[in-house]
2 protein chains.
Amino acid sequence: MADSRQTYHWFWQKLEAFLAKSKLKHSKQRNQVIEYFLEMDDHVSAEELFSYVKEQNFSAGMATIYRTLNLLKDAGLVDQKQFTDGKAVYEINFPDEHHDHLICTTCDRVIEFENAEIEALQRQVAEAHGLKLTDHTLDLFGTCMDENCKYKKS
Amino acid sequence: MADSRQTYHWFWQKLEAFLAKSKLKHSKQRNQVIEYFLEMDDHVSAEELFSYVKEQNFSAGMATIYRTLNLLKDAGLVDQKQFTDGKAVYEINFPDEHHDHLICTTCDRVIEFENAEIEALQRQVAEAHGLKLTDHTLDLFGTCMDENCKYKKS
DNA sequence: TTACATGCAAATCTTTTGCAATGAG
DNA sequence: CTCATTGCAAAAGATTTGCATGTAA
């Protein structure tokens, strides 16, 4: 499934630019780990990516996973978030599109959404305090209203 | 400054109830550490609380700080948040009042706010996805528009 | 007297780093 | 060739835990 090269063309392009600018190189594991990361669902932890990579019978050490993820973060290609527990999760930083999260505590499902009205209000709040809004994090937590939620945890 | 007993009367009351319900006890360090916590600004890390406690020449180990903070968390009296870096910060969980955060990246100031319109929209978003909103986290990041921001970092 | 609380040090967990060996350009 | 990347194991930082001892109720 190397077609992330097409789907995420812009991603690889920006990565290319970043590597060049920083005089960094490509490498077998770097490329492969990134491809696997792009294949996975969003909100991936280092541990999860590591397991997935191993599952694909590809060899890469934990240190490489972290170094790759940090590289992507430095390149501005992924965002690192800390939800509840102690481990960070990474998500693709789509250009001029940012998803907020709606997390179902019944089943741990993470739904992404965007709401222009909320964003406008956020800008207003910031400005009312003399700040120019540069970024934000919005996570909503809720429980499933459907008794038979197919995602419900056992 | 043991007047947190008055200001935070409701806090101590709920704590009392929780201790009783869980068959837990009061203790010199437990009480004192909590008083110091309440005296401090919000968004306190375990490390900061530990330092503050020592500054007051009170003796309590790091483990006790963590255990006390976890107790308060379990009692629903404080919320634990992970902002940027690796350490968690704790804040008082005021009853039916939750503050969202507006963080100035120019000076690291944290301003709390509340906006009913945003909250209503959040509820709508959750319901549109079949979820009943139970909680949320909203952090806005911005830069100071005032050139002479008195809080500006050197 | 009977748990629970404390302090310390050891243990965990996640993430980072030093270093020798390997690989890319 | 030269410099970046890798893997491993060790290090680091934050938080938790086991255990012997102290202490509320």
Calculated from backbone phi, Karplus (6.51, -1.76, 1.60) coupling profile of the stretch A:65-71 in Hz, x at Gly/Pro: 4, 4, 5, 5, 4, 5, 4
Helix A:46-55 sits off the longest principal axis of the Cα atoms of chain A, rounded to the nearest 10 on a 0 to 90 degree scale, by 50 degrees
Taking chain B as a Gaussian network, Cα atoms linked when under 10 Å apart, which of B:59, B:45, B:22 shows the biggest mean-square fluctuation? B:22
Surface accessible to a 1.4 Å probe, per residue, for the residues of the stretch A:1-77, Å²: 59 Å²
What dipole magnitude, in Debye to the nearest 20, does chain B give about its Cα centre under +1 on Lys/Arg Cβ and -1 on Asp/Glu Cβ? 900 debye
Kirkwood Rh and Cα Rg combined as Rg over Rh, evaluated for the protein assembly as shown: 1.00
Tabulate in residue order the Karplus-calculated ³J(HN,Hα) for the stretch A:86-91, using 6.51 cos²θ - 1.76 cosθ + 1.60 with θ = phi - 60°, rounded to whole Hz; enter x for Gly and Pro. x, 9, 7, 10, 10, 9
Using +1 at the Cβ of each Lys and Arg and -1 at the Cβ of each Asp and Glu in the stretch A:100-142, identify which of A:113, A:136, A:103 lies farthest towards the dipole's positive end. A:136
For the rotation that brings chain B onto chain A, whose beta-carbon in chain B is nearest the axis, and what is that distance in whole angstrom? B:82, 2
Sites matching GluC sites (Glu not before Pro) across the stretch B:54-149 that sit in DSSP coil, with at most 14 neighbouring C-beta atoms within 10 Å: B:97, B:114, B:147
Most to least accessible of B:53, B:89 (protein chains only, probe 1.4 Å): B:89, B:53
For residue B:73 and residue B:87, compute 0.36 nm times the residue count separating them, minus their Cα-Cα distance, and round to one decimal in nm. 3.5 nm
How many nm separate the modelled label positions at residue B:7 and residue A:40, each set 7 Å beyond the Cα in the direction of the Cβ? 4.4 nm
Mind jotting down the three principal axis lengths of chain B based on Cα atoms? Whole angstrom, largest first. 47, 45, 30
For the pairing of chain A with chain B, what total accessible surface becomes buried, with a 1.4 angstrom probe, in square angstrom to the nearest 100? 3000 Å²
Compute a Gaussian network model of chain A, connecting alpha carbons closer than 10 Å, and tell me which residue from A:124, A:82, A:32 fluctuates the most. A:124
Would you kindly state how much longer the chain becomes between residue B:117 and residue B:66 on full extension, computed as 0.36 nm times their sequence separation minus their alpha carbon distance, in nm to one decimal? 14.7 nm
Can you give me the distance in nm between label points at residue B:80 and residue A:26, each placed 7 Å from the Cα along the Cα-to-Cβ direction? 4.3 nm
Taking Cα atoms only, helix B:9-21 is inclined relative to the longest principal axis of chain B by an angle, in degrees rounded to 10, of 60 degrees
For a quick check, take a GNM of chain B with Cα springs below 10 Å and name the residue from B:15, B:138, B:49 with the largest mean-square fluctuation. B:138
Tell me, what % of the accessible area of the protein assembly as shown is carbon and sulfur with a 1.4 angstrom probe? 47 percent
I need the semi-axes of the equivalent ellipsoid of the stretch A:4-92: take the C-alpha gyration tensor, multiply each eigenvalue by 5, square-root it, list largest first in whole angstrom. 19, 15, 13
Rounding to the nearest 10 and keeping the result within 0 to 90°, find how far the Cα-based axis of helix A:116-128 lies from the longest principal axis of chain A. 80 degrees
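The values are calculated or read from the model by the stated rules, or taken from the named source; none is laboratory data. Everything quoted here is computed from the prediction, not taken from an experiment. Note: ideal-geometry Cβ built from the backbone for every residue, glycine included; neighbour counts use all protein chains shown. Please note that ligands, DNA and RNA were not included when accessible areas were found on the heavy atoms of the full protein model with its side chains. Shrake-Rupley method; radii C 1.70, N 1.55, O 1.52, S 1.80 Å.
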